[in-house]
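What follows draws every value from the coordinates through simple rules; no lab data is involved. Here the structure is a predicted model, which means the values were calculated and not measured. Ideal geometry is used to build each Cβ from the backbone, glycine not excepted, and the neighbour counts take in all protein chains shown.
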Amino acid sequence: MATSTIASTKNEISFQFEGSDDAQQERQRLLDSISKSAWAHNNESSNDFRSDFFTKPTLPMLEAVISTSLGDGDMGEDATTNSLCEYVAGLVGHDASILVMSGSMGNQVALRSALKAPPYSILADYRGHIINWESGGATALCGALIKMVVPSNGHHLTLDDVKKHAILSETYYDAPTRVISLENTLWGTVMPLSDIRAISKWARIQDPPIHMHLDGARLWEAVVAGACTLREMGECFDSIQLCFTKGLGAPIGSIVTGTSEFIKRANWARKHLGGSTRQSGVIAAPARVAIDDVFLGGKMKLAQEKARRAAALWEELGGRLQFATETNLVWLDLEKSGLTLEQYNATASKFDIKVGEPVNGRLAFHYQISDEAFVRLCEFFRAVLKPTS
């Protein structure tokens with residue numbers, strides 16, 4: 001961790017503990033504690049390829065927590081939280097936003113807010129997070145039918161896919177499509193802006209218009225890859241969920257954006273799910289640092305470059321991929337590469353890198369992956385593929 005960052009944090013604490021000898025001793029104890037704390041290094045995350053949420057919050061994030069406001073988030077009285085919500089809404093071009101505890105909560109808050117009176121259904125890619133990783137929340141909490149669609153092109157949903165599977169009739173047999181939920185990135189792949197725009201335009205001319213929701217937990221990655229801007233996504237969707245932990249490195253939190261009326265309903269949905277907080281500034285402050293320092297600071301691009309280099313080496317050594325690497329996720333096809341999961345995991349453990357669950361065969365690159373860990377990953381590739389190369 002940079003010395004200047006530690007010094008800045010020390011100065012912040014020094015100001016608070018000027019005075020008596022006892023106060024100075026307490027100050028020194030805190031300074032020593034910070035220098036040795038988990039905030040001052042990213043040792044545990046530097047070799048962790050399991051997911052891009054295995055990052056560590058940083059000293060600048062701790063500084064932000066120390067200096068944050070401590071208003072009541074549930075009452076809408078925390079200045080830091082309100083500033084973050086206004087800031088993110090502005091980035092995507094929406095009227096308002098609401099801070100939530102996680103990406104799953106963000107998606108469920110958005111869906112619950114968009115769906116008003118049953119019967120209704122949600123159309124989504126069959127691989128989507130809202131279907132496979134959120135404990136059936138959309139069905140349990142909203143009572144919604146989920147229309148799972150397999151993309152005809154094998155990569156992403158198109159307008160033809162949506163038209164084919166959307167339920168537009170409203171007889172008493174039907175659960176009409178009221179939400180189209182897209183995901184960008186999805187499994188690390190980018191949904192083209194042209195297809196998103198086509199689906200959005202069609203959805204909005206329906207009677208009634210179909211709500212467009214984006215699970216944008218990793219939308220930051222699509223933007224960094226040059227596929228779109230946040231504003232372009234905001235123009236296409238009525239609600240967007242953005243995660244502060246996946247790739248950005250904040251310790252907790254996601255945000256949902258939309259119109260002012262939509263966010264008013266989202267406040268109700270968040271309360272229903274127990275997601276309101278008191279001193280929410282301790283969540284909002286490091287999230288703002290994550291956006292400015294990691295996303296806007298260009299650090300995510302380096303992670304994507306490492307992912308592309310790793311994917312290229314895997315293939316050069318005779319390994320196979322499940323599909324092309326487009327952002328920060330590399331999907332190894334272990335079976336077609338002639339490997340068993342047991343071989344793969346056992347060999348990885350010898351190179352001091354963390355792979356495996358929650359998704360076996362997937363490698364996630366984040367900005368805290370060290371160059372040394374990347375070198376060991378490459379050595380691991382050469383070792384594990386040697387018998388089949």
Response to the item:
With bins of 5 Å, the percent of all Cα-Cα pairs of the stretch 68-295 per bin from 0 is 1, 7, 15, 20, 21, 16, 10, 5, 2, 1, 0
Practice prompt. With a cut-off of at most 16 other beta carbons within 10 Å, and DSSP calling the residue loop, which GluC sites (Glu not before Pro) in the stretch 172-280 qualify? Please list them.
Written response: none
Practice prompt. Quick one: divide the alpha-carbon radius of gyration of the stretch 46-199 by 2.2 N^0.38 Å and tell me what you get.
Written response: 1.26
Worksheet item: When the helices in the chain are scored as -39500 (n - 2.57) per DSSP H run of 4 or longer and the sum is shared across all residues, what 222 nm value do you end up with, to the nearest 500 deg cm²/dmol?
Response: -13000 deg cm²/dmol
Worksheet item: Stretch T340-L302 to full length: gain in nm at 0.36 nm per residue minus the Cα-Cα span?
Response: 10.7 nm
Item to complete: Quick one: divide the alpha-carbon radius of gyration of the chain by 2.2 N^0.38 Å and tell me what you get.
Response: 1.07
Item to complete: Report the longest stretch of the chain that contains none of the chymotrypsin sites (Phe, Trp or Tyr not before Pro) sitting in a DSSP loop with at most 16 other Cβ atoms within 10 Å.
Response: 174-322
Worksheet item: When N is the residue count of the stretch 299-385, what does its C-alpha Rg come to as a fraction of 2.2 N^0.38 Å?
Response: 0.98
Item to complete: Would you list the membrane-span-like helices of the chain, meaning whole DSSP H runs whose alpha-carbon atoms span at least 15 Å along their axis and whose mean Kyte-Doolittle value is at least 0.0?
Response: 79-92, 371-385
